[in-house]
Amino acid sequence: MTMGQPPIPATPLHDSNSTPTDLRGLDPPDPLLRILDSIESGGGPFVFLLAREPFPLYPMLAATGWRHGLRRLPDGVELTVFRDPRAP
């Protein structure tokens, strides 16, 4: 997190009617690559289910104008990726 930015939300930011993309059964780096591929088209928010928190992804998101929210689940995490409203 950069100075002056609000904290990253800890709750999901998606519409409860949306269906998350389940990436829990994939071996690294496939989940990270699929997330990057999904957000390349823009839009969002995007919701992913992962077996573990994707720490290497966070700086990649920040560098390209994306933010994330994370919710811990009994069998992994739910990651919501959305455009930073301050990004150009």
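The values are calculated or read from the model by the stated rules, or taken from the named source; none is laboratory data. Only a predicted model underlies this, so the values are computations on that prediction, with no experimental measurement involved. Please note: Cβ atoms are built from the backbone with ideal geometry, for glycine as well, and neighbour counts cover all protein chains shown. The accessibility values were calculated without ligands, DNA or RNA, using every heavy atom of the protein model including side chains. Shrake-Rupley method; radii C 1.70, N 1.55, O 1.52, S 1.80 Å.
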Selected residue (criterion: modelled with the lowest pLDDT) from residues of region 47-88 that are of a type in the set (Ser, Thr, Tyr) and not in a strand (DSSP E or B): Thr64
Those residues of region 26-75 which are of a type in the set (Asp, Glu) and either open to solvent by less than 90 Å² (accessible area, probe 1.4 Å) or touching a residue at least 12 places away in the same chain (Cβ under 8 Å) (or both), in sequence order: Asp30, Glu53, Asp75
